[in-house]
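Have a look at the structure below before the remarks.
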Amino acid sequence: MIYPKDRLTRFEMARLVSARALQIELGAPCFVDVKGDSIKKAKEEIKRKVIPLVVKRVLPNGEEIEVDMDKAIDNWLKEHGDI
């Protein structure tokens with residue numbers, strides 16, 4: 001099954017959180033003022049939709065699509081309640 005452009009898989013969400021947390025750990029500027037570790041900060045950035053990352057999928061036919069992050073995050077929060 002190919003996920004639509006406005007949904008994220010659990011693997012994509014885990015990759016977003018971990019990639020952004022690593023960036024924050026290595027000194028990248030954080031866009032939220034939250035106490036806690038880099039994972040908590042990364043999750044809060046995603047919730048507030050200020051995360052500077054993009055998800056691109058390569059389809060079996062070779063076509064690349066870019067996920068609409070605002071809609072995907074909204075849908076994730078509706079379906080799962082939290083990140």
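The values are calculated or read from the model by the stated rules, or taken from the named source; none is laboratory data. This structure is a prediction, so every number in the text was calculated from the model and none was measured. Glycine gets a Cβ as well: all are built from the backbone with ideal geometry, and neighbour counts include every protein chain shown.
Looking only at residues in region 1-23 that are at pLDDT below 95 and β-branched (Val, Ile, Thr), which one is farthest from Ile65 (Cα to Cα)? If we take residues in region 1-23 being at pLDDT below 95 and β-branched (Val, Ile, Thr), then Thr9 is farthest from Ile65 (Cα to Cα). Ala42 meets the conditions (1) surrounded by 13 or more Cβ atoms within 10 Å (Cβ to Cβ); (2) at pLDDT below 95 in every case but one. The failed one is (2).
The residues on offer are Lys35, Lys49, and the sole one that is at pLDDT below 95, under 20 Å from Glu79 (Cα atoms) and either exposed (fewer than 15 other Cβ atoms within 10 Å of the Cβ) or in contact with an Asp or Glu (Cβ under 7 Å, 6 or more places away or on another chain) (or both) is Lys49.
Of all residues in region 54-78, those satisfying the criterion of being surrounded by 14 or more Cβ atoms within 10 Å (Cβ to Cβ) and in a loop (DSSP other than H, G, I, E, B) are Val55, Val67, Asp68. Residues of region 1-32 being aliphatic (A, V, I, L, M) and either in contact with a Gly (Cβ under 9 Å, 6 or more places away or on another chain) or surrounded by 12 or more Cβ atoms within 10 Å (Cβ to Cβ) (or both), which ones? Once the filter is applied, which keeps residues that are aliphatic (A, V, I, L, M) and either in contact with a Gly (Cβ under 9 Å, 6 or more places away or on another chain) or surrounded by 12 or more Cβ atoms within 10 Å (Cβ to Cβ) (or both), region 1-32 yields Leu8, Met13, Ala14, Leu16, Val17, Ala19, Ala21, Leu22, Ile24, Ala28, Val32.
Considering only residues in region 69-83 that are modelled with pLDDT of 90 or more and of a type in the set (Asp, Glu), the one that is farthest from Ala42 (Cα to Cα) turns out to be Glu79.
Restricted to region 11-40, and to residues there that are of a type in the set (Lys, Arg) and over 10 Å from the mean Cα position of the chain (by Cα), the residue that is farthest from Val55 (Cα to Cα) is Lys35. Screening Pro4 on (1) in a loop (DSSP other than H, G, I, E, B); (2) touching a Lys or Arg at 6+ places or on another chain (Cβ under 9 Å); (3) under 17 Å from Leu77 (Cβ atoms) shows it passes everything except condition (2).
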